[in-house]
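Enquirer: Dropping the structure in here first, questions after.
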Amino acid sequence: MNKLFGIVFLAVVSFSYPTTQILAQSECFMQGNDGRNIDLSRLCGDGQNNTQTKPRNPNFFSLPIKRRIGGTPTVDVTFNGKHRYEMLFDTGASSTVITADMAEAMGVKKEREIAARTAGGIVTAYLGRITSLESGNLAQKNLVIGISDHMDGLGLLGQDFFGNYDVTIKKDEIVLRPRSASKK
């Protein structure tokens with residue numbers, strides 16, 4: 001049985017942007033007004049996909065949606081440069097939370113016990129530390145994340161990863177744009 005705690009959804013406002021060129025990692029495409037991607041890789045250089053390459057356009061990041069579970073998008077997340085898991089993109093989760101099985105497989109130690117407030121009530125959880133977390137072409141380093149013995153299946157990718165960005169959830173991708181200081 002899949003027990004998911006802490007899933008609270010916030011309304012995400014989607015804006016219609018004029019045709020924009022998107023350069024993510026070594027991918028090169030243009031997104032038309034209809035939301036479809038147009039491949040421009042033959043115009044953008046060597047066409048090699050090097051996942052270590054920083055995005056050429058720092059004005060936004062793109063996380064491909066793998067699938068949806070009950071309408072909630074899932075994305076692939078890489079921990080510590082080598083452990084890849086599908087996770088729920090949870091706009092209502094303040095922290096990224098992994099299952100106890102995921103923590104064990106990655107060697108993430110439970111450093112501190114906490115009482116976590118979730119949609120299902122207050123539960124015991126733990127804090128652990130990871131050196132890196134990456135999804136799409138966005139990466140964060142040295143994060144403290146939650147570890148839950150009460151979750152099975154997928155973990156939650158939370159606000160500690162994308163909270164400094166304006167979020168647009170599209171059909172096939174999640175676009176993150178850094179908030180400008182003037183909008184705070």
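FYI, it's all coordinate maths here, none of it is from the lab. Quantities reported herein were computed from a predicted structural model and do not represent experimental measurements. Glycine gets a Cβ as well: all are built from the backbone with ideal geometry, and neighbour counts include every protein chain shown.
Enquirer: Which of the trypsin sites (Lys or Arg not before Pro) found in the stretch 67-106 are in a DSSP loop and have at most 13 neighbouring Cβ atoms, other than their own, within 10 Å?
Expert: Here the sparse-neighbourhood loop sites are K82.
Enquirer: Okay, next question. Treat every Asp and Glu Cβ in the stretch 58-173 as -1 and every Lys and Arg Cβ as +1, leave all other atoms uncharged, and give the resulting dipole magnitude about the Cα centre to the nearest 20 debye.
Expert: My answer is approximately 120 debye.
Enquirer: Let me ask something else about it. Please report the base-10 log of the normalised intensity I(q)/I(0) for the stretch 63-183, using a Debye sum with one equal scatterer per alpha carbon and no solvent, at each q in 0.15, 0.17, 0.19, 0.22 (1/Å).
Expert: -0.66, -0.84, -1.05, -1.36
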